[in-house]
1. Select from segment 180-216 the residues that are within 26 Å of residue 88 (Cβ to Cβ), more than 19 Å from the chain's Cα centre (by Cα) and part of a loop (DSSP other than H, G, I, E, B) and list them in ascending order.
2. What is the one condition in (1) closer than 24 Å to residue 224 by Cβ; (2) at pLDDT 95 or above; (3) within 18 Å of the chain's Cα centre (by Cα) that residue 26 does not satisfy?
3. Yes or no: residue 231 buried (at least 19 other Cβ atoms within 10 Å of the Cβ) and in contact with a helix residue (DSSP H, G or I) (Cβ under 7 Å, 6 or more places away or on another chain)?
4. In segment 155-171, which residues are out of contact with any helix residue (DSSP H, G or I) (no Cβ under 6 Å at 6 or more places or on another chain), closer than 25 Å to residue 236 by Cβ and assigned to a strand (DSSP E or B)?
5. Where in segment 64-150 are there helices (runs of 4 or more DSSP H), lying wholly inside it, with at least 1 residues that are closer than 27 Å to residue 37 by Cα and at pLDDT below 95?
6. Looking at segment 9-21, is at least one residue within 13 Å of the chain's Cα centre (by Cα), part of a strand (DSSP E or B), under 25 Å from residue 139 (Cα atoms) and touching a residue at least 40 places away in the same chain (Cβ under 8 Å)?
7. I'd like to verify a number: residues in segment 40-56 that are touching a residue at least 40 places away in the same chain (Cβ under 8 Å) and in contact with a helix residue (DSSP H, G or I) (Cβ under 6 Å, 6 or more places away or on another chain), how many?
8. Here is a list of conditions, (1) surrounded by fewer than 19 Cβ atoms within 10 Å (Cβ to Cβ); (2) in contact with a helix residue (DSSP H, G or I) (Cβ under 7 Å, 6 or more places away or on another chain), and residue 116 meets all of them except one; can you say which number that is?
């Protein structure tokens with residue numbers, strides 16, 4: 001039985017966060033591949049329990065500057081063909097959408113900080129999101145969005161960004177938001193030099209307000225993160241049948 005998940009990391013400070021805990025609790029070890037310093041290696045979906053594509057500040061079209069974006073899209077297609085459990089977070093969701101033929105483009109306004117998401121009827125029937133509250137809190141850091149891929153199910157949306165979460169097929173999910181966050185990660189992201197430069201150009205985003213909201217919002221988000229990540233981890237460990245019966 002495959003017992004290891006491969007996580008593609010695009011910048012050092014964007015990690016699995018709390019997702020790693022749920023994977024390891026289900027008996028799944030985690031291995032990072034740092035795309036920013038690794039030549040394109042061989043990928044065989046049969047070698048892994050899951051493929052997780054994390055976030056990053058780059059745009060999916062910047063393949064000249066970031067060549068790894070091109071081979072990642074190919075890996076995603078391989079994972080989809082093999083029905084390997086796949087989770088794309090933020091940039092990872094955008095790469096998943098692009099691999100399915102959808103357009104990725106600027107959202108018009110950046111969502112950075114705490115924003116509510118609304119769970120759709122399809123979300124309420126979804127393997128990962130079933131049982132969620134109609135409105136949940138999530139941490140966001142993105143400026144791009146994407147068209148919903150043909151055949152995908154929209155699971156969540158927000159006032160500022162229509163396509164916040166989707167599922168394609170039985171085992172691939174894209175999340176525009178960041179359920180994996182910890183308080184320490186939020187502190188690090190807000191002070192990371194490139195992120196700080198981005199924030200300084202946005203007069204409608206206030207880092208101190210984000211920090212003030214974080215303790216209460218993290219407690220609220222933790223229940224959604226547990227539901228989604230524990231079920232994803234069970235899917236990785238045992239497959240669809242066990243995943244359907246998980247909490």
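1. The answer is 192, 202, 205.
2. The failed condition is (3).
3. Working: buried (at least 19 other Cβ atoms within 10 Å of the Cβ): yes; in contact with a helix residue (DSSP H, G or I) (Cβ under 7 Å, 6 or more places away or on another chain): yes.
Taking the combined requirement at face value, the residue satisfies it.
4. Correct list: 165, 166, 167, 168.
5. Values: elements: 68-82, 91-99, 121-124.
Qualifying helices (runs of 4 or more DSSP H): 68-82.
6. yes
7. Taking segment 40-56 as the starting set, the residues that turn out to be touching a residue at least 40 places away in the same chain (Cβ under 8 Å) are 46-56.
Subset that is in contact with a helix residue (DSSP H, G or I) (Cβ under 6 Å, 6 or more places away or on another chain): 49-51, 53-56.
The number of residues fulfilling the criteria is 7.
8. (2)
The values are calculated or read from the model by the stated rules, or taken from the named source; none is laboratory data. The structure presented is a predicted model; accordingly, all values stated were derived computationally and were not measured. Neighbour counts run over all protein chains shown; Cβ positions are idealised from the backbone, glycine included.
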